[in-house]
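First up is the structure itself, then whatever we jot down about it.
The values are calculated or read from the model by the stated rules, or taken from the named source; none is laboratory data. If you're wondering where the values come from, they're calculated on a predicted model, not measured in any experiment. Positions of Cβ are generated from backbone atoms using ideal geometry, with glycine treated the same way; all protein chains shown enter the neighbour counts. Surface areas here come from the heavy atoms of the whole protein model, side chains and all, with no ligands, DNA or RNA. Shrake-Rupley method; radii C 1.70, N 1.55, O 1.52, S 1.80 Å.
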Amino acid sequence: MSLTPPSAELPSDVVEVELSDDYESLAMDACQLLSGTDARFFVSGFGQEAWPVSVSYDLSSVIEQLPEAIDSLRSGRSAEIDFYGQGIERRLTFVPAGDTTEIRCSSGTAWRPDPDVDVLSRTAALDLLTGLAGDFGAALRRAAPELAMRTPFGTW
């Protein structure tokens, strides 16, 4: 999972929309703004080179779940990232075991992951999620610097 930041800042009149203080709504607002740029969300693996994901909806759903997933992995607990959007409907389950993390992919559509399990080092699995958070923070700093300072994005 990665996010390519936009090439330019959004015009200030676009960013002046009323943003929510609720984290999930703020994540949706931020992704909606990024979808108006040339930012690109990329996910691959489990037998598919490029998953059919969008910035506005799929990235938003992942960003909503990201802080909890990162906290869980850091604490040695299992975590999930659910791509629940219609048409993609996939769930990644991260299961730490010692120095490794098993990532299981399940599908709610006719698409089937092949393989359905990948094993990464515990560090690499955490880097995957924290890397996406960093990409998101960088994208917001480029597109909407004031929004990028909002919690928790300012620490990403």
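At a glance:
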quantity	calculated
Among 59-66, 132-139, 85-92, 108-115, the order from most to least packed when residues are scored by Cβ within 10 Å on average	59-66, 132-139, 85-92, 108-115
Theoretical ellipticity at 222 nm over the chain - DSSP helices of four or more residues, -39500 (n - 2.57) apiece, nearest 500	-11500 deg cm²/dmol
Charge context of SER7, other residues only, Cβ under 10 angstrom, K/R +1, D/E -1	-1
Counted charge near PRO96, where neighbours are those whose Cβ lies closer than 11 Å (Asp, Glu -1; Lys, Arg +1)	+1
Simple label model, 7 Å out from Cα along Cβ direction - GLU49 to SER35, nm	2.6 nm
With every protein chain in place, segment 1-92: carbon and sulfur % of accessible area (1.4 Å)	44 percent
Square roots of 5 times each gyration tensor eigenvalue, C-alpha, the chain, largest first, Å	27, 17, 13
14 Å beta-carbon shell around PHE42, net charge (K/R +1, D/E -1)	-3
Length-normalised contact order of segment 1-143 in % [C-alpha pairs under 8 Å, at least 6 apart]	27 percent
